[in-house]
Amino acid sequence: MNLRTSEGRILSGMRPTGPLHIGHLFGALENWRKLQDEGYTCFYMIADWHALSTEYQNPESIRNNVFEIAVDFLSCGLDPHKSTIFIQSMVQEHSELNLLLSMIVPVSWLERNPVYKEQIAELKEKDLHTFGFLGYPVLQAADILVYRAEFVPIGVDQLPHLELTREIARRFNFLYGEYFPEPKELLTETPKIPGTDGRKMSKSYGNAIYLNDSEEKILAKTSKMFTDQTRLYKKDPGHPDECAVFAYRKLVSKNHDDIRNKCLRAEIGCVDCKKQMGRDLVSFLEPIKKKREYFSRHHEEVWKILQAGSEKARKVAQQTMKEVRKLIGIEYKK
Ligand code: TRP
Ligand code: SF4
């Protein structure tokens, strides 16, 4: 991946629907931090309006989650001096662009969106037959296009939304003049980290390790992890590439090549391997935990960062909206 034009603006976001787990760390935040350190102009957003599209019946939880996610962002190394860290609802230009784009998006594009169909089927306990939920990808397109971002670091699950964003950009450009770049995805190289039971890590499966879990909790969770299901005895050779514990070791243990060989040659047992992985994970998360403790105690500092980030983002978004209104011809001031 060599896209270091340094002009390239990046935007990505996360919905504040609950505490972040190590899947978010390895799957997204580590990548976001690298991009920031490579000198891209990065906008990282807490998508509270997107959270509202599924949590509209109990919006009280969102405010607290916004704070917690901000703490996670900062603790994982997102640096407000390098990146613009902000809250979606504090930049109301997103909502104006959402409205304008909604005029040109055919409903059929939204109804055939596979993410939409999946979520409606999966989250049965929630009534998601709303205008806002159907229009979720239009708001996401507005998030990206309002910064005229060229790159969007996301997971594969978000690809249909980015494809829609490109279609919307093309349609806008066709109707009103070439203006929006078509954003490209930046997929993370780390494969998805499995949950403690080997399935996809998810809050709803109860198999996640959270960034705010205590050391005891992490050790307890990892000690119950599934290993190579086909390895019954210590004398049997293991299959590290099919083992959830090894997926973690690759990320947190320094000598993982060595471990792989020992596993293949049946020179280590799974119980010991798992124990060592738990300890390595705890040490790996230690610096993040220290920062988390600091920011959790400094509410005002965190809110100030979000305030300043949102102001910075708003300046860029305001400029875009001026130009967009002019292109469509809906503006009456000189
Ligand atoms: N839909 C994304 C998710 O659920 C969050 C999101 C909202 C986003 N707006 C965005 C991601 C813009 C990338 C760009 O993960
Ligand atoms: Fe997995 Fe470690 Fe057991 Fe090998 S030794 S199967 S890597 S837990």
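The values are calculated or read from the model by the stated rules, or taken from the named source; none is laboratory data. Quantities reported herein were computed from a predicted structural model and do not represent experimental measurements. Note that we place each Cβ from the backbone using ideal geometry, even for glycine, and neighbour counts take in every protein chain shown. The area values use the complete protein model at the heavy-atom level, side chains included, leaving out ligands, DNA and RNA. Shrake-Rupley method; radii C 1.70, N 1.55, O 1.52, S 1.80 Å.
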* Among the residues of segment 287-306, is any out of contact with any Lys or Arg (no Cβ under 6 Å at 6 or more places or on another chain), polar (S, T, N, Q), at pLDDT below 95 and more than 16 Å from ligand 1 (Cβ to nearest atom)? -> no
* Asked: Do you know which residues across segment 209-264 are assigned to a loop (DSSP other than H, G, I, E, B) and of a type in the set (Ser, Thr, Tyr)?
  -> 214, 227, 230, 233, 253
* Only one of these is touching a residue at least 12 places away in the same chain (Cβ under 8 Å) and within 16 Å of ligand 1 (Cβ to nearest atom): 111, 182, 118. Name it. => 182
* Selection status of residue 178, out of contact with any His (no Cβ under 6 Å at 6 or more places or on another chain), at pLDDT 95 or above, open to solvent by 70 Å² or more (accessible area, probe 1.4 Å) and farther than 30 Å from residue 243 by Cα -> yes
* **Options 108, 12, 102, 53; residue that is away from ligand 2 (no atom under 16 Å from the Cβ) and within 30 Å of residue 218 (Cβ to Cβ)** => 12
* Structure fact -> A careful count of residues in segment 224-257 that are near ligand 2 (Cβ under 6 Å from one of its atoms) and among the charged types (D, E, K, R) gives 2
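Results for (1) open to solvent by less than 50 Å² (accessible area, probe 1.4 Å); (2) basic (Lys, Arg); (3) within 29 Å of residue 319 (Cα to Cα), shown as yes or no for each residue.
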{"position": "82", "(1), (2), (3)": "no, yes, yes"}
{"position": "89", "(1), (2), (3)": "yes, no, yes"}
{"position": "105", "(1), (2), (3)": "yes, no, yes"}
{"position": "119", "(1), (2), (3)": "no, no, no"}
{"position": "142", "(1), (2), (3)": "yes, no, yes"}
{"position": "148", "(1), (2), (3)": "no, yes, yes"}
